[in-house]
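Below is one structure; the comments refer to it alone.
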Amino acid sequence: METGTGRRLGRLGLRHAVRRTSRGTSRGEGDLDYLFMLTYGRSGSTLLLGILNSLPGFLIRGENRDALHHLFLYHQTCLEERDRNRVADDSTNPFFGIDGYPEETALADLRRLALDTLLRPEPDTRVTGFKEIRWYQPDLPEYVAFLRQVFPGARFVVNTRNHDDVAKSKWWAGNEKAPETLARREKRLLDLAADLGDAAYHVHYDEYVADPSTLTGLLTWLGAEYDAERVAGVLARRHSF
């Protein structure tokens, strides 16, 4: 792992190969790339979101209170019950029909649902996704694996910040367990990113705020160019609360 914002956990060029399902969508689903931000609250992630959305063709949505995790649990439950009840094609069986749960069809339809309702890419969008601060589920590795199934080629940027500063901010302030909680959550994110290899990249808020050019590595990984004027314009605007 490199140091600084160059602490990338891998490099992967944008995938422009068509990834269409047999059913497709009118939103150009097969031409999209997917990017998700893994972080925790008060890490400066909304600022990074603004920088990403200043890139041509990028439309990364904000937090959704972990909404897709509910879809993961639905999908996981159906798969588990299907595998547990392999012979359920008789209407006298209490699990009648569950053995026919179509995994590939479900994944395609879940992707379409997320695109049409949550991500809503625009005609000029080529990279979409969302940032979220709620990545502390016990089943985090399995959930991220699900996201990679739903969104082929998905990549993940991990955003971290100095824990002392985070612990003084908003709801963390006064929480005596904040340092311990932040350390635990950050370690899980970095361990996960290490497992993702080329599909993950780590940046640190304090570094790119002090020297925005340290974002060059991230933008190169994303197939974009670093534009100092554009980034400065984003940094000059107030983000979050």
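Structural remarks
- When restricted to residues that are more than 12 Å from the chain's Cα centre (by Cα), among the polar types (S, T, N, Q) and closer than 20 Å to R65 by Cβ, the range 136-174 contains 2.
- Count of residues meeting criterion [more than 26 Å from P56 (Cβ to Cβ) and open to solvent by 10 Å² or more (accessible area, probe 1.4 Å)] in the range 187-209: 9
- Criterion applied to L190, L215, L182 was being closer than 18 Å to S43 by Cα, of a type in the set (A, V, I, L, M) and at pLDDT below 95, and the one residue passing it is L182.
- Residues in the range 96-135 that are under 12 Å from the mean Cα position of the chain (by Cα) and open to solvent by 20 Å² or more (accessible area, probe 1.4 Å) were compared, and the one that is nearest to L59 (Cα to Cα) is I133.
- Matching helices (runs of 4 or more DSSP H) fully within the range 150-241 where at least 2 residues are among the polar types (S, T, N, Q): 216-221
- Search result, residues across the range 217-239 that are open to solvent by less than 60 Å² (accessible area, probe 1.4 Å) and of a type in the set (S, T, Y): none
- Considering residues of the range 31-81 that are in contact with a Gly (Cβ under 8 Å, 6 or more places away or on another chain) and part of a helix (DSSP H, G or I) only, the residue nearest to F151 (Cα to Cα): L49
- Among the numbered conditions (1) at pLDDT 95 or above; (2) more than 22 Å from R161 (Cβ to Cβ); (3) not in a loop (DSSP other than H, G, I, E, B), the only one that K131 does not meet is (2).
- Some residue of the range 203-210 being within 15 Å of the chain's Cα centre (by Cα) and under 20 Å from E132 (Cβ atoms): yes
- Count of the range 136-182 residues which are out of contact with any helix residue (DSSP H, G or I) (no Cβ under 6 Å at 6 or more places or on another chain), under 21 Å from Y201 (Cα atoms) and open to solvent by 60 Å² or more (accessible area, probe 1.4 Å): 3
- If you filter the range 41-64 down to residues that are under 20 Å from L182 (Cα atoms) and not small (G, A, S), you find that the one that is most open to solvent (accessible area, probe 1.4 Å) is E63.
The values are calculated or read from the model by the stated rules, or taken from the named source; none is laboratory data. Here the structure is a predicted model, which means the values were calculated and not measured. Positions of Cβ are generated from backbone atoms using ideal geometry, with glycine treated the same way; all protein chains shown enter the neighbour counts. All accessible areas refer to the heavy atoms of the entire protein, side chains included, with ligands and DNA or RNA removed. Shrake-Rupley method; radii C 1.70, N 1.55, O 1.52, S 1.80 Å.
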